[in-house]
Amino acid sequence: MRKESAFSPLSTPAVRLVEVGPEHDGQRLDNFLLRLCKGVPKSHIYKAIRGGEVRVNKGRTQADYRVAAGDVVRVPPLRLPAPDAVRPVPGAEFPVVYEDDALLVIDKPAGVAVHGGSGVSFGVIEQLRAARPQARFLELVHRLDRETSGLLMVAKKRSALLALHAMLREGKGDKHYLALVEGDWVNDRQHIRLALTKWTTQSGERRVRPDPGGQPAHTIVTLQRRLGEFSLVDAELRTGRTHQIRVHLAASGFPIVGDDKYGTDETRARFARLGFNRMFLHAHQLTLPHPTTGQTLRLTAELPAACRTLLHKLESQ
């Protein structure tokens, strides 16, 4: 068995030992392997990690382990899909809100996944990489649900990615979302503190629910407008749990319009008849220090046309 440095080209189906270079220090193991083993389905990689075929420094580990420079990763033979099953990812650019040599912030449309997996062949990050083959590094800083639109950060340097992750963990950035909810929101400003936990339905669908023993989660909700039976609110994330805003609002009795997991079928059907077929949740404002200069960035993404049109219809009723 020979030791290689990432990222040597795949030249043999044998087990390989790959030494992690400084440019990949701090990267999640699953992401490290996905970049190393291009073309191998995610499901194969996760199965190899769970089964102990992938090892770091001779020990078993988890997909979310963060590799360090000098780590030696055991990479088992991973079968590539048949050539006719591999479809090239179509490159795509998205509306750019901010860009420099360290950071890219785009305005993600609703209905587009941020990455491939769970039945989705590719997402924003794969399409950006395909559109920018010269880019040496493009990684998601955070995630947005598929049906959520708005500001999405992509790091163009590993140092920027690590700095941004540290900022978000320490609560240094402010992320605001606009949501249209069912009901007449009562308080002008309200703190929702409900711990959350992930669970899986009998059909295998992954969801999140309030659970006193779950992870702490904090959302600040500010009323923007009352629109009859509905309210437009600003939701500020103070933690970043999966589906946090959606579950916090639904658990408070104010589900988001168009939410197919935590909303109501009746409301979705009602708005579909008006031509509105998405979830009304939009990441509209982001304030944080620049990862390399420290200068404060204040970024805004306007509500999409479909959301603005719906608000106009509700105001006219």
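Go ahead and run the numbers for FRET between Arg193 and Arg28, Cβ-Cβ distance against an R0 of 30 Å, rounding to 0.05. Efficiency for this residue pair is about 0.60. For the stretch 17-143, averaging the sequence separation of C-alpha pairs within contact (under 8 Å, six or more residues apart) and dividing by the residue count gives a relative contact order of 22 percent.
Going from the fewest other Cβ atoms within 10 Å to the most, the residues Met167, Met153 appear in the order Met167, Met153.
Averaging the sequence gap over all C-alpha pairs within less than 8 Å and six or more residues apart, then dividing by the number of residues, gives the chain a relative contact order of 13 percent.
Remark: the Ala166-Arg238 segment gains 24.5 nm on full extension, using 0.36 nm per residue and subtracting the alpha carbon distance.
Length gained on full extension, Leu299 to Leu17, computed as 0.36 nm times the residue gap minus the Cα-Cα distance: 97.2 nm.
Label sites at Lys47 and Asp260, each approximated as a point 7 angstrom past Cα along Cα to Cβ, lie 2.7 nm apart. A simple rule links phi to the HN-Hα coupling: the Karplus curve 6.51 cos²θ - 1.76 cosθ + 1.60 with θ = phi - 60°, which for the stretch 215-224 gives 7, x, 9, 9, 10, 9, 10, 10, 5, 9 Hz, with x for Gly and Pro. By the beta-carbon count within 10 Å of each Cβ, the least crowded to most crowded order of Tyr65, Tyr177, fewest first, is Tyr65, Tyr177. Within the same chain, aspartates and glutamates fewer than 8 places from Lys157 are excluded, and of the rest, those with a Cα less than 13 Å from its Cα are Glu23, Asp25, Glu99, Asp100, Asp101, Glu139. Seen through its C-alpha gyration tensor, with square-root eigenvalues sorted a ≥ b ≥ c, the stretch 96-159 comes out oblate because a/c lies at 1.5 or above while a/b is not bigger than b/c.
Show that you can apply the helix-only estimate: for the chain, add -39,500 (n - 2.57) for every DSSP H stretch of four or more residues, divide by all residues, and state [θ] at 222 nm to the nearest 500. Before the final figure, lay out each step's value.
On the way: 7 runs with 65 residues, N = 317.
Roughly -6000 deg cm²/dmol at 222 nm, from the helical runs in the chain.
From the cross-link list Lys175/Lys198; Lys38/Lys175; Lys47/Lys108, which pairs have alpha carbons spaced over 27 Å apart? List each step's numbers first, then the result.
On the way: Lys175/Lys198 22 Å; Lys38/Lys175 33 Å; Lys47/Lys108 30 Å.
With Cα atoms farther than 27 Å apart: Lys38/Lys175; Lys47/Lys108.
When only Cα pairs below 8 angstrom with a gap of at least 6 residues are kept, the stretch 16-75 shows a relative contact order of 54 percent. Peptides 94-101, 253-260, ordered by how many other C-beta atoms sit within 10 Å of their residues on average, highest first, read 253-260, 94-101.
Eigen-decomposition of the gyration tensor built on the alpha-carbon atoms of the stretch 16-75 gives equivalent ellipsoid semi-axes of 16, 13, 10 angstrom, largest listed first.
Exposure proxy check: Leu152, Leu162, Leu104 ranked by fewest other beta carbons within 10 Å?
On the way: Leu152 25, Leu162 16, Leu104 22.
Taking fewest neighbouring Cβ atoms as first place, the list is Leu162, Leu104, Leu152.
Readers should treat all values here as calculations from the given coordinates under stated rules, not as data from a laboratory. Please read all numbers here as calculations on a predicted model, not as lab measurements. In this analysis, Cβ positions are derived from the backbone assuming ideal geometry, glycine residues included, and neighbour counts consider all displayed protein chains.
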